[in-house]
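Student: Okay, handing you the structure first.
The values are calculated or read from the model by the stated rules, or taken from the named source; none is laboratory data. Note that the structure is predicted; figures quoted are calculated from it, not measured. With ideal geometry, Cβ positions are generated from the backbone for all residues, glycine too; neighbour counts draw on all protein chains shown. With ligands, DNA and RNA removed, areas are computed over all heavy atoms of the protein, side chains included. Shrake-Rupley method; radii C 1.70, N 1.55, O 1.52, S 1.80 Å.
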Amino acid sequence: MTQGKTVLVLGAGIGGTVAATRLRRMLPREHRVVLVERQSRHVFSPSFLWMMIGQRSASQISRPMQALAKHGIELIQGTIERIDPATPSIRVDGKELSGDYVVIALGADLAPDTIPGLAQAGHNFYTLEGAASLRDAMLKVQSGRIVVLVSAMPFKCPGAPNEAAMLLEYDCRKRGVRNRVQLDLYTAEPGPMPVAGSVVSGALRQMIESKGIGYHPNHAVTAVDPGQRRISFANGATADFDLLAYIPPHRAPQVVRDAGLCGDSGWVPVDRGSLETKFPGVYAIGDVTGIMLTSINKPLPKAGVFAHNEAEVVAHNIARAITGKGAERRFTGGGECFLESGDGRAAFGSGNFYADPAPQIRLRQPSTILHLGKVVYEKYWLFRWF
């Protein structure tokens with residue numbers, strides 16, 4: 001009889017949820033799948049963009065984490081205090097847990113406090129609370145200047161700041177205040193979604209500017225003055241605002257850094273096909289990873305679609321290692337995303353980010369059908385996995 005194995009999945013975002021669920025379905029019951037998550041509810045973060053303009057509520061885009069237990073997953077709610085990748089083992093709220101395999105899917109920590117004044121000055125729409133507070137603030141806007149700010153790179157969901165600017169512009173038009181509101185997007189990037197290539201980036205910038213939104217690339221934030229409502233940038237420029245919607249700096253979780261898992265990039269280096277770290281049997285997927293696209297010397301974007309696809313590969317390969325069934329799989333760099341543009345329309349970008357000599361990405365222009373596709377995907381995700 002096969003000796004039972006234990007797989008520890010750390011984090012129940014998109015990648016962790018997919019990995020744990022797939023593993024539970026592929027492994028016989030004598031093997032344990034343990035999912036560790038500190039939050040009690042899973043929140044579908046791509047829907048924050050709709051929430052910030054009042055089109056979603058928190059209850060519509062979240063599900064109780066305990067729903068995963070119906071699949072036979074052992075769910076532990078708690079804070080991971082230590083990861084020992086050499087053992088491998090973890091400590092959760094003082095309790096030691098050992099595993100035969102570990103999947104690290106802890107995402108990226110948001111660190112607005114690393115920029116003076118940022119957290120006090122605006123609304124972090126990458127959190128449930130920030131999206132809700134931005135929604136409430138938008139209802140009071142009658143005039144003035146709204147700034148959407150990308151404070152640092154890298155950041156997850158590379159299309160989100162562009163979507164945010166266009167959705168806020170749409171919301172202003174819908175409420176009849178657009179002619180009294182100036183909208184600007186400041187970003188540390190050289191252009192929208194630069195990894196997708198100059199053609200896609202240029203098309204997306206044109207889409208943004210066609211709506212009368214000012215686009216300001218290569219603006220890295222150094223400080224924000226909440227009292228003066230002023231942003232200072234490394235290039236010497238400043239920008240005033242009446243309402244600030246921002247994406248904060250991202251960094252690998254402290255427990256991951258303390259474990260010695262991060263490389264020079266500040267993120268976890270992995271084999272780009274297997275997602276295995278330098279420690280055998282320990283994998284990392286999603287936003288916590290740093291995968292360099294050597295053909296263009298830029299990192300693979302951080303996005304839910306990559307976390308999902310990587311989780312499928314890792315779950316399959318761990319199940320194969322345990323059961324001896326199936327052929328090895330590799331993550332091949334494929335990804336896609338919807339890009340909301342307002343007015344019930346969305347664009348769609350897709351392609352292969354591992355392609356040589358450069359990523360091969362196609363951008364489909366906004367349409368009602370593509371917007372409906374994003375709505376359907378949101379409903380599918382929450383129904384399919386929970």
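Student: Run the simple label-point estimate for Ser265 and Thr332 please: 7 Å along Cα→C-beta, distance reported in nm.
Tutor: 2.2 nm
Student: To the nearest µm²/s, what D does Stokes-Einstein give for the chain at 10 °C and 1.306 mPa s, using the Kirkwood radius over alpha carbon pairs as Rh? Could the numbers behind the result be given before it?
Tutor: On the way: Rh = 21.6 Å.
Rounded to a whole number, D works out at 73 µm²/s.
Student: Expressed as an acute angle from 0 to 90° and rounded to the nearest 10, what is the orientation of the C-alpha long axis of helix 160-174 relative to the principal long axis of the chain?
Tutor: 40 degrees
Student: Return the carbon/sulfur percentage of the accessible area of the chain, one whole number, probe 1.4 Å, all protein chains in place.
Tutor: Carbon with sulfur: 50 percent of the solvent-accessible area.
Student: Mind grabbing the accessible area of His216 for me, 1.4 Å probe, Å², rounded to tens?
Tutor: In the full protein context, His216 sits at about 50 Å².
Student: Pop the C-beta distance of Asp343 and Arg384 into the FRET formula with R0 = 30 Å and round what comes out to the nearest 0.05. Walk me through the numbers on the way to the answer.
Tutor: Working: r = 28 Å, r/R0 = 0.94.
My answer for the efficiency is 0.60.
Student: Among Gly197, Phe241, Gly13, pick out the residue whose Cα is farthest towards the positive end of the charge dipole of the chain, where Lys and Arg carry +1 and Asp and Glu carry -1 on C-beta, about the Cα centre.
Tutor: Gly13
Student: Hey, another quick one. Please give the charge dipole size of segment 342-386, origin at the Cα centre, charges +1 on K and R Cβ atoms and -1 on D and E Cβ atoms. Round to the nearest 20 debye.
Tutor: In debye, rounded to 20, segment 342-386 gives about 140.
Student: While we're on this one: Dividing the alpha-carbon Rg of segment 15-116 by 2.2 N^0.38 Å yields what?
Tutor: Values: Rg = 16.1 Å, N = 102, 2.2 N^0.38 = 12.8 Å.
Scaled against compact globular proteins, the figure is 1.26.
Student: How big is the accessible area of Arg41 in square angstrom, nearest 10, if you roll a 1.4 angstrom probe over the protein chains?
Tutor: Probe radius 1.4 Å; accessible area of Arg41 about 100 Å².
Student: With every protein chain left in place and a probe of 1.4 Å, what is the accessible surface of Phe348, to the nearest 10 Å²?
Tutor: 40 Å²
Student: Let me ask something additional. Compute the orientation-averaged projected area for segment 74-231 from the convex hull of its Cα atoms and round it to one decimal in nm².
Tutor: 12.9 nm²
Student: With r as the distance between the Cβ atoms of Ser57 and Asp225 and R0 = 45 Å, compute the FRET efficiency 1/(1 + (r/R0)^6) and round to 0.05.
Tutor: Efficiency for this residue pair is about 0.85.
Student: Once both labels are modelled 7 Å past Cα along the beta-carbon direction, what's the Asn235-Ser210 spacing in nm?
Tutor: About 2.5 nm separates the two model spin labels.
Student: Could you state the accessible area per residue of the chain in Å², with a 1.4 Å probe and every protein chain left in place? Walk me through the intermediate numbers first.
Tutor: Details: 16050 Å² over 386 residues.
I get 42 Å² per residue for this part.
Student: Could you put Asp258, Asp136 in order of accessible surface area, largest first, with the 1.4 Å probe and the full protein assembly present? Spell out each step's value before the answer.
Tutor: Numbers: Asp258 110, Asp136 75 Å².
The most accessible residue leads, giving Asp258, Asp136.
Student: On to the next question. Quick one: go through segment 77-92 and flag any residue whose amide nitrogen is under 20 Å from the point 7 Å out along the Cα-to-Cβ line of Ala111.
Tutor: 80-83
Student: To the nearest 500 deg cm²/dmol, what mean residue ellipticity at 222 nm is calculated for the chain from DSSP H runs of n ≥ 4 alone, each contributing -39,500 (n - 2.57), summed and divided by the residues?
Tutor: On the way: 9 runs with 102 residues, N = 386.
Value at 222 nm, helices only: -8000 deg cm²/dmol.
Student: Let me ask you something else. Taking 0.36 nm per intervening residue step and subtracting the Cα-Cα distance, what contour gain separates Gln360 from Arg175 on full extension?
Tutor: Gain on extension, Gln360 to Arg175, equals 62.7 nm.
Student: Note the angle between two axes, namely the Cα long axis of helix 198-209 and the longest principal axis of the Cα atoms of the chain, as a number of degrees from 0 to 90, rounded to the nearest 10.
Tutor: Here the helix axis deviates by roughly 50 degrees.
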